[in-house]
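I have placed the structure first, in the form of structure tokens, so that the comments after it can refer back to it.
Laboratory data are not the source of any read-out in this text; all were calculated from the coordinates shown. Every value quoted in this text rests on a predicted model; they were computed, and no experiment measured them. Neighbour counts are summed over all protein chains in view; Cβ atoms, including those assigned to glycine, are modelled from backbone coordinates with ideal geometry.
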Amino acid sequence: MGALEFIADFLSIITISLCLILKIPQIINLVKLKSTVGINLYALLLELTSYTVMTCYNYCNNYSLLSYMEYPIILVQQIILIFLVLKYMGFLGMNSFALFGLYIGITGAFVFGLLPKTILAVLAPMCTPISASSKVVQLIEILRTRNSESISVLTWFLSAFTNFSKY
């Protein structure tokens with residue numbers, strides 16, 4: 001194993017380890033405050049889209065699990081976060097569960113090869129701009145509401161580090 005490969009694997013392991021707790025401070029903060037002021041649901045859904053596409057793309061192309069393991073880990077936490085936001089916004093109902101069922105169905109269709117992976121190949125390059133857009137939308141929400149109490153600074157720092165370590 002060469003030095004660069006070792007460094008890449010080491011950074012991947014650090015990234016994966018940090019992703020195990022990435023959204024946990026945000027989730028804890030949300031449960032404690034029971035308020036979604038300053039949190040933008042569309043920003044969360046954009047992130048969900050990006051993480052889902054990247055997870056499916058990497059899985060369907062049989063890439064090494066170590067190279068993308070952070071995506072499914074964050075994905076689970078993101079779904080929990082969206083659930084809590086919907087709950088505290090009062091939007092949790094049959095429509096939410098129906099849309100979640102549709103999400104699971106489409107994701108499953110990609111994973112099980114029922115939808116062509118060329119769709120994922122087209123969507124994957126859009127994930128970086130989608131993810132960046134989610135951050136912009138979230139920042140605009142914080143500025144609009146003038147309230148960042150519901151946002152976890154630790155989650156943002158961990159996210160910035162894990163994004164940086166991938167490049």
Checklist entry - Once you put a point 7 Å from the Cα of Ile28 and another 7 Å from the Cα of Leu115, both along the Cβ direction, what distance in nm separates them? => result 3.5
Item to check | Estimated distance in nm for a label pair at Ala8 and Ala98, the labels positioned 7 Å out from Cα along Cα-to-Cβ | outcome: 4.6
Checklist outcome for this item: Per-residue Cβ contact counts at 10 Å, fewest first, order Ser148, Ser134, Ser96 as Ser96, Ser148, Ser134
Next on the checklist: Which three numbers, in whole Å and largest first, are the semi-axes of the equivalent ellipsoid of segment 1-111 derived from its Cα gyration tensor as √(5λ)?
Outcome noted: 30, 19, 8
Next on the checklist: Under the √(5λ) rule applied to the eigenvalues of the Cα gyration tensor, what semi-axes describe the equivalent ellipsoid of segment 32-167? Give them in Å, descending.
Outcome noted: 26, 19, 12
Next on the checklist: Number of Lys pairs in the chain with C-alpha atoms less than 20 angstrom apart, excluding same-chain neighbours closer than eight positions?
Outcome noted: 8
Checklist entry - Given +1 on the Cβ of Lys and Arg, -1 on the Cβ of Asp and Glu, and no further charges, what dipole in debye does segment 3-165 carry about its Cα centre, rounded to the nearest 20? => result 500
Checklist entry - Around Ser152, with a cut-off of 13 angstrom between Cβ atoms, what is the net charge of the other residues, counting Lys and Arg +1 and Asp and Glu -1? => result +1
Checklist entry - Which of the DSSP-defined H helices in the chain satisfy a minimum axial length of 20 Å, computed from C-alpha atoms, and a minimum mean Kyte-Doolittle hydropathy of 0.0? => result 3-19, 41-60, 70-89, 94-111, 127-145
